[in-house]
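The values are calculated or read from the model by the stated rules, or taken from the named source; none is laboratory data. These numbers come from a predicted model, not from an experiment. FYI the Cβ positions are ideal-geometry reconstructions off the backbone, even for glycines, and counts take in every protein chain you see. The protein model used for the area step is the full one, side chains on, heavy atoms only, and it has no ligands, DNA or RNA in it. Shrake-Rupley method; radii C 1.70, N 1.55, O 1.52, S 1.80 Å.
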Amino acid sequence: MRSACLYQYELPMDSGVILRNQRLVTRQGWIVVLQDRHKTGMGEIAPLPGFSTETHEQAGEQAIGLLTHWIDAGTFDFSDLFPSVACGLSFALMELKSELPLSADYRSAPLCNGDPDDLVVRLTHMTGKKVAKVKVGMYEAVRDGIVTNTFLKAIPDLSLRLDANRQWTPLKAQQFAKYIQPQYRSRIAFVEEPCQCPEDSLVFSQETGIAIAWDESVRDVGFKVKAEVGVVAIVIKPTLIGSLDRCLELIDQAHNVGLEVIISSSLESTFGLTQLARLAAWKTPDTIPGLDTVQLFAKQLHQVWPDCLLPLVSLTDLEVIWQHK
């Protein structure tokens, strides 16, 4: 006997969250619950404004149609679905089948989202391998280079992941590199997509010796995982990529050619983040995931994130949009 339920959530964000030059005041999404006899599976559907192709409303509408079909057939066809819908439903189905291990990797590379001095303080007190993520490309490339070089000089055992979101021209990328002292460049773990054109990003890496990672390119039509000079990693954001089967396929392909895989957040709630932490523990246990986004929220959802003191919103507090019992 199958049943299903779709909840809608809207969580307040920290006032300083900016996405694609727009302030994100609240984070909207859906929580899907599947039940088949005594088993339950849950997933989060949360299109990211400015990054997802689908809207919140479009995702909810598609999810309802698919849940109606699942009640009768017990299966989902993940082809041609919005990525966020495919992601949430596949997580729920995998939980339902007890295929997603419970163990979670709650480590995360701290995200510098404001004052650089704050990151220095956090890293100084960080135990174990010091890995942090810094957003670049939002200001002048010269400033990004100076700030990055300062971090690497101040903390000798620090490794930095830089996220440029394809914001640099080849000239700006070179201006950035000019301010990174040669002895520090190897401690830049990678720059995610420095240039709009992947070919320009490859040239940047080969000319500067600074490694790069594919992020947006992973979601481009026709993307193929392959070994390339200067490329050391790919970033997996399931909400933007799609079904877990597709994510697992990409992870296996990357590992087979010697690339590191970073499981990364698309501003999911603490519930969705916890599922990503479980995926990271299962498939990328030797790599610190990129899940340091709880700090951008004002509330948690359903699942408490370790050491997070934000108020918790439970499922019973949410509006039920659709259900079948």
Looking at the chain, send over the antiparallel percent of its DSSP beta bridges, to the nearest 5. 50
GNM, the chain, Cα, under 10 Å: largest mean-square fluctuation among Ile64, Ile241, Ile45? Ile64
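Using a 1.4 Å probe and counting only protein heavy atoms, arrange His324, His56, His69 so the residue with the most accessible area comes first.
The most accessible residue leads, giving His69, His324, His56.
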Find the relative contact order for the range 180-325 and round it to a whole percent, using C-alpha pairs within less than 8 Å whose residues are 6+ positions apart. 14
Kirkwood radius from Cα pairs of the range 247-325 plugged into Stokes-Einstein at 25 °C, 0.890 mPa s, gives D in µm²/s equal to 171
Hey, can you find the accessible area per residue of the chain for me, probe 1.4 Å, expressed in square angstrom? 46
Charges only on Cβ, +1 for Lys and Arg, -1 for Asp and Glu: so what's the dipole of the range 202-325 about the Cα centre, in debye to the nearest 20? 300
Calculating Kirkwood radius over Cα pairs in Å from this structure picks out, from [x] 22.2; [y] 20.5; [z] 21.2, entry [y]
Proximal aspartates and glutamates to Lys178, defined as alpha-carbon separation beneath 16 angstrom and excluding residues fewer than eight positions away on the same chain: Glu140, Asp144, Glu207
Residue by residue, what Karplus-based ³J(HN,Hα) values in Hz, rounded to whole numbers, does the range 183-190 have, using 6.51, -1.76 and 1.60 with θ = phi - 60° and x for Gly and Pro? 5, 9, 5, 5, 8, 8, 4, 5
Could you please state how large a percent of the accessible area of the chain is carbon and sulfur, counting protein chains only and using a 1.4 Å probe? 51
Using the structure shown, list the pairs from Lys133/Lys153; Lys237/Lys283; Lys129/Lys299 with a Cα-Cα distance above 20 Å, or answer none. Lys129/Lys299
Who wins for biggest fluctuation among Val229, Val221, Val85 in a Gaussian network model of the chain, springs between alpha carbons below 10 Å? Val221
